[in-house]
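See structure below.
The values are calculated or read from the model by the stated rules, or taken from the named source; none is laboratory data. Bear in mind that the values here come from a model prediction, so they are computed numbers and not experimental data. Here the Cβ positions follow ideal geometry from the backbone for every residue, glycine too, while neighbour counts run over all protein chains shown. With ligands, DNA and RNA removed, areas are computed over all heavy atoms of the protein, side chains included. Shrake-Rupley method; radii C 1.70, N 1.55, O 1.52, S 1.80 Å.
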There are 2 protein chains.
Amino acid sequence: MTNDFRAGLLASGLLIDIGVDGLYGRSATFQRVVRGIDGLVNSAGADQHAAVLHFPAVIPRFVLERNGYVRSFPDLLGSVSLSQGGEELHAKLLARLEHGDDWAELLTSSDLALSSAACQPLYPTCSGRLPDGGRRFEISGECFRYEPGLDPARMLAFRQHELVHLGDPYRAVAHRDVWLERFVDLLSGLGLAIGTVIATDPFFGRTGRMLASNQRAETLKYEIVFAAEPDDEPKAISSSNYHLDHFRTAFGIESASGDGAHTACNGFGVERVTLAPLSTHELDPDTWPPGIPSRLWP
Amino acid sequence: MTNDFRAGLLASGLLIDIGVDGLYGRSATFQRVVRGIDGLVNSAGADQHAAVLHFPAVIPRFVLERNGYVRSFPDLLGSVSLSQGGEELHAKLLARLEHGDDWAELLTSSDLALSSAACQPLYPTCSGRLPDGGRRFEISGECFRYEPGLDPARMLAFRQHELVHLGDPYRAVAHRDVWLERFVDLLSGLGLAIGTVIATDPFFGRTGRMLASNQRAETLKYEIVFAAEPDDEPKAISSSNYHLDHFRTAFGIESASGDGAHTACNGFGVERVTLAPLSTHELDPDTWPPGIPSRLWP
């Protein structure tokens, strides 16, 4: 997305600069589009009878340890540090504050981290044997990924809305593919010029490049990509992922038949999807082509 | 709240234990009550023409430095640590992970922290001179306070919904008092046995006790309190705060007349207010007395 688009978002008050690149307040109008898109996905999934869950932005640190996130995406993660050292630590913090020095480096690590995908805290809660047919979830939550920059489509703190299946391999693959198609339909219906690509996760480092290469060869991940301007590089606004038995191994999730469960998730970045029609049409949703408001706010 | 109430919330699936005390997933039913309460407050404030804003859970660290939070509430705060040390740090993290050692203590402090009140990132964005009549905001966002424990009414990660006024002193006080009364009406209308008390913030340490004593003497803060069970100590589910010119000093906010702006905020803990009717009536909102659903879901 271009600086012009960002400037327009800030000038119109849709986004509010709060002092660090990548962190924004959202206006009532922005939130109205968010709610419209959330509602559209919720309605599209009514036939799935998924359990709808909301998770917090802060999650147990062990989740990131056991699901491989620390191994594969250390550069993106955020952990929570605390100031639990009583009066003595407090005095040191105050001295640092007064001299304009870094007080936060005196804080200590905790068992808490920031969620980097809304479905992360779900998998440990599904340990054990799944019912016949597996389990389906519709998940929302706020996430954090450290990708600093000015592009409003790459916020540090953003929300995700995800559809998750845990069960037999063929059902997990079918879930991923059905929801990929549904997302394509939903996003096309908003007048967005999208594309679908075979994709890889941004695994870290040398080992990461091998993991990415395998992921691509097995076509485990698809992304729906969108460019805010003709010259921009298209960026994922949604991803559809087949995890094989990755979470089974991490959290002991067994299918009804006693085999290891396979999982899939289809998610979208709520702010990225919200920005897409704002860049395609106008910054004022009241002027959008008539077919679009009627979908978002039926 | 009692362990029985917590057990009922978990058994009914309204809350989902995600592995650390104080962190919970929320069910569709829980979220439906949340939306009802958010809508009720939004409607009650329609005459205010407030700017409605949503802020992220992660905010710039300088906000907590300049607004006095680090000084006054170090024990409650959370800062964000990052792993930006490249391949070398990654190798160390993996070694710690493999041995079950604390890898997060290798991370480094950042310019990011967790928001501990939804309105915190607002004040720096209001630097400068306010328009005639001041400015009004309706704010929502996810917050973090480190108060670990089993009581579901004391979550580590929770949401707040706040009404904020910045302007002349008499308007700030009037805002606080009008919204205190409105909250009392709204919460009474949900069939809740609430009380209103003069309150103080949980300022840290020895200096903090003096600050609290002054705050009480000047009756700057009121809380609406509620007990889930007759034997429980009533706990704040909402607070109404007159900040004097605290944020003016911190962030250079001037009133239209050129005097320092005074501010007030009235907020409620979204999850605490949601839990209150669940404990007063039944865990299934469909069985609540008929006057209540008609208010929440008109």
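Under the condition of being more than 30 Å from residue B:172 (Cα to Cα) and among the aromatic types (Phe, Trp, Tyr), the residues counted in segment B:266-298 number 2. All of B:134, B:128 fail the test of being in contact with a His (Cβ under 8 Å, 6 or more places away or on another chain) and either open to solvent by 10 Å² or more (accessible area, probe 1.4 Å) or away from every other protein chain (no Cβ under 14 Å) (or both), apart from B:134. How many residues does segment B:122-151 contain that are closer than 13 Å to residue B:251 by Cβ and either part of a loop (DSSP other than H, G, I, E, B) or hydroxyl-bearing (Ser, Thr, Tyr) (or both)? Final tally of qualifying residues: 5. Restricting attention to segment A:86-121, the residues that are within 7 Å of another protein chain (Cβ to nearest Cβ), over 21 Å from residue B:102 (Cα atoms) and not in a loop (DSSP other than H, G, I, E, B) total 5. I'm told residue B:37 meets every condition in (1) open to solvent by less than 30 Å² (accessible area, probe 1.4 Å); (2) within 10 Å of chain A (Cβ to nearest Cβ); (3) of a type in the set (Val, Ile, Thr) except one. Can you identify the failing condition by its number? It is condition (2) that residue B:37 fails.
Among the conditions (1) out of contact with any helix residue (DSSP H, G or I) (no Cβ under 8 Å at 6 or more places or on another chain); (2) free of Cβ contacts under 8 Å to residues at least 40 places away in the same chain, the only one that residue B:106 does not satisfy is (1). Residues that are assigned to a strand (DSSP E or B), at the interface with chain A (Cβ under 7 Å from one of its Cβ atoms) and over 30 Å from residue A:204 (Cα atoms) within segment B:51-85 comprise B:52, B:53, B:54, listed in sequence order. Give segment B:46-70 a look and list any residue that's of a type in the set (A, V, I, L, M, F, W, C), more than 27 Å from residue A:38 (Cα to Cα) and over 17 Å from the mean Cα position of the chain (by Cα), or say none. If the condition is that a residue be of a type in the set (A, V, I, L, M, F, W, C), more than 27 Å from residue A:38 (Cα to Cα) and over 17 Å from the mean Cα position of the chain (by Cα), then B:62 is the only one that fits.
Taken over segment B:259-288, the criterion of being part of a loop (DSSP other than H, G, I, E, B) and open to solvent by 30 Å² or more (accessible area, probe 1.4 Å) is satisfied by B:259, B:281, B:282, B:283, B:284. Within the set B:116, B:43, B:109, the sole residue that is within 16 Å of the chain's Cα centre (by Cα), polar (S, T, N, Q) and surrounded by fewer than 24 Cβ atoms within 10 Å (Cβ to Cβ) turns out to be B:116. With respect to the conditions (1) closer than 30 Å to residue B:258 by Cα; (2) in contact (Cβ under 8 Å) with a residue 24 or more places away in the chain; (3) open to solvent by less than 20 Å² (accessible area, probe 1.4 Å), residue B:157 falls short on a single one, namely (1).
Residue A:210 falls short on exactly one of the conditions (1) more than 20 Å from the chain's Cα centre (by Cα); (2) among the hydrophobic types (A, V, I, L, M, F, W, C); (3) at pLDDT 95 or above, and that condition is (3).
Within the set A:204, A:226, A:183, the sole residue that is touching a residue at least 12 places away in the same chain (Cβ under 8 Å), buried (at least 18 other Cβ atoms within 10 Å of the Cβ) and in contact with a Gly (Cβ under 8 Å, 6 or more places away or on another chain) turns out to be A:226.
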